[in-house]
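The values are calculated or read from the model by the stated rules, or taken from the named source; none is laboratory data. Here the structure is a predicted model, which means the values were calculated and not measured. Every residue, glycine among them, receives a Cβ derived from its backbone with ideal geometry; neighbour counts consider all protein chains shown.
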Amino acid sequence: MLRTVPGTRKVSTTADNCGVLVVEDDSAIRRLVRMVLTREGYRVEVAADGVEAVLKLGLADYDVIVLDLMMPNLDGFSFIDAIAAADPGRLKRIIVASAASPTVIRERMKGAPFDMLPKPFDIGDLASRVRACIDAQRENARS
């Protein structure tokens, strides 16, 4: 599960209505992440598995994808393979949140560029990593 930060957080004035797709089969984690990132000022969509996430990506683009790996129907590894085949640039937008070993994840991902957040994670840390991912994309766009 998640470790939460005590207290409430102010809505960020720098989120600029960026879109975040949260792909997580645990409904409690989905709700919590959606609530916190929405308070931070992000547009947040959720998907319960990789199949639903692929469908949502066909309808909209997202600045960040927060991805669980162990899910039914289409797991996170298969989801990343599908993204890599269709649009490798999107891999730089993925934050993997998983209890799996970082070594196993790196081996399975074949060095794909993404950020990893081990479960259980601190919700404030996730919000910071989402912001860092968006900031990195903006910096790359300026270069």
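In segment 5-39, the residue that is modelled with the highest pLDDT out of those that are in a loop (DSSP other than H, G, I, E, B), surrounded by 12 or more Cβ atoms within 10 Å (Cβ to Cβ) and not charged (D, E, K, R) is 18.
Restricted to segment 92-120, and to residues that are over 12 Å from the mean Cα position of the chain (by Cα) and buried (at least 19 other Cβ atoms within 10 Å of the Cβ), which residue is modelled with the highest pLDDT? Per the stated criteria, the residue is 105. Please specify each residue of segment 118-143 satisfying the condition of being under 20 Å from residue 91 (Cβ atoms) and among the aliphatic types (A, V, I, L, M). Hits for segment 118-143 are 126, 130, 132, 134, 136, 141.
Across segment 121-139, the qualifying residues are those that are farther than 22 Å from residue 28 by Cβ and touching a residue at least 40 places away in the same chain (Cβ under 8 Å), and the one among them that is surrounded by the fewest Cβ atoms within 10 Å (Cβ to Cβ) is 136. Scanning segment 56-77 for residues that are without any contact (Cβ under 8 Å) to a residue 40 or more places away in the chain and touching an Asp or Glu at 6+ places or on another chain (Cβ under 7 Å) yields 56, 69, 73, 74. The single residue among 78, 143 that is exposed (fewer than 14 other Cβ atoms within 10 Å of the Cβ) and either closer than 20 Å to residue 26 by Cβ or at pLDDT below 95 (or both) turns out to be 143.
When you look at residue 62, is it within 13 Å of the chain's Cα centre (by Cα), crowded, with 23+ Cβ neighbours inside 10 Å, among the aromatic types (Phe, Trp, Tyr) and closer than 24 Å to residue 132 by Cα, yes or no? It is false that residue 62 is within 13 Å of the chain's Cα centre (by Cα), crowded, with 23+ Cβ neighbours inside 10 Å, among the aromatic types (Phe, Trp, Tyr) and closer than 24 Å to residue 132 by Cα. Among the conditions (1) outside any helix (DSSP H, G or I); (2) in contact with an Asp or Glu (Cβ under 8 Å, 6 or more places away or on another chain); (3) β-branched (Val, Ile, Thr), residue 44 misses just one, which is (2).
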